[in-house]
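Structure, as structure tokens:
Derivation of every value follows stated rules applied to the coordinates shown; laboratory data play no part. Everything numeric here is computed off the predicted structure, so don't read it as measured data. Every residue, glycine among them, receives a Cβ derived from its backbone with ideal geometry; neighbour counts consider all protein chains shown.
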Amino acid sequence: QVQLVESGGGLVQVRGSLSLSCAAAGRTFSHLGMGWFRQAPGKEREFVAGINWNGKITAYAASAKGRAAISRDNNKSTLYLRMDSVKHEDTAIYFCAAVPGLWNDRINRRPEEYDYWGQGTQVTVSS
């Protein structure tokens, strides 16, 4: 019903910047809350950032706040994530997620609160 495709992963140098995109199709993009999650080997999938349907509400994990920015372009049906000053701990598979809804008072932070997922894109931070 909703197809999500991440792009922009790859090798990133420490202290450099990470830029990811997520292209969505199959449903009206402006009716979707969106989020970025990541999962490192042996660890649970964790919330990175979220944004509501019109981009007016955003939320960030403590590890990302202050150095990350989530945004969306509803005309292009695309979600974005930029993260500055990357660390080795940022190495993970990054997933784009979507949930239908027009909420204005919250951002979903748990994986189980999202209905659709991309296949992920690997981000590796190196020296």
Original post:
Under a plain spin-label model, where a point goes 7 Å from the Cα along Cα-to-Cβ, how far apart in nm are Ser7 and Asn104?
Top reply: 3.4 nm
Subject >> Contour excess over end-to-end distance, with Cα ends at Lys56 and Ser127 and 0.36 nm allotted per residue >> reply: 22.0 nm
Original post:
When the Karplus curve 6.51 cos²θ - 1.76 cosθ + 1.60 is applied with θ = phi - 60°, which whole-Hz ³J(HN,Hα) does each residue of the range 75-92 get, with x for Gly and Pro?
Top reply: 6, 9, 6, 9, 10, 10, 9, 10, 9, 9, 6, 5, 10, 4, 5, 7, 4, 4
Original post:
How many nm separate the modelled label positions at Ala40 and Asn74, each set 7 Å beyond the Cα in the direction of the Cβ?
Top reply: 3.6 nm
Original post:
Can you list the lysines whose alpha carbon is less than 22 Å from that of Lys76, not counting same-chain residues fewer than 8 positions off?
Top reply: Lys56
Original post:
In a GNM of the chain with a 10 Å cut-off on Cα contacts, which of Thr78, Thr28, Thr91 has the highest mean-square fluctuation?
Top reply: Thr28
Original post:
Using r as the Cβ-Cβ distance of Ser30 and Gln119, and R0 as 25 Å, what FRET efficiency do you calculate, to the nearest 0.05?
Top reply: 0.60
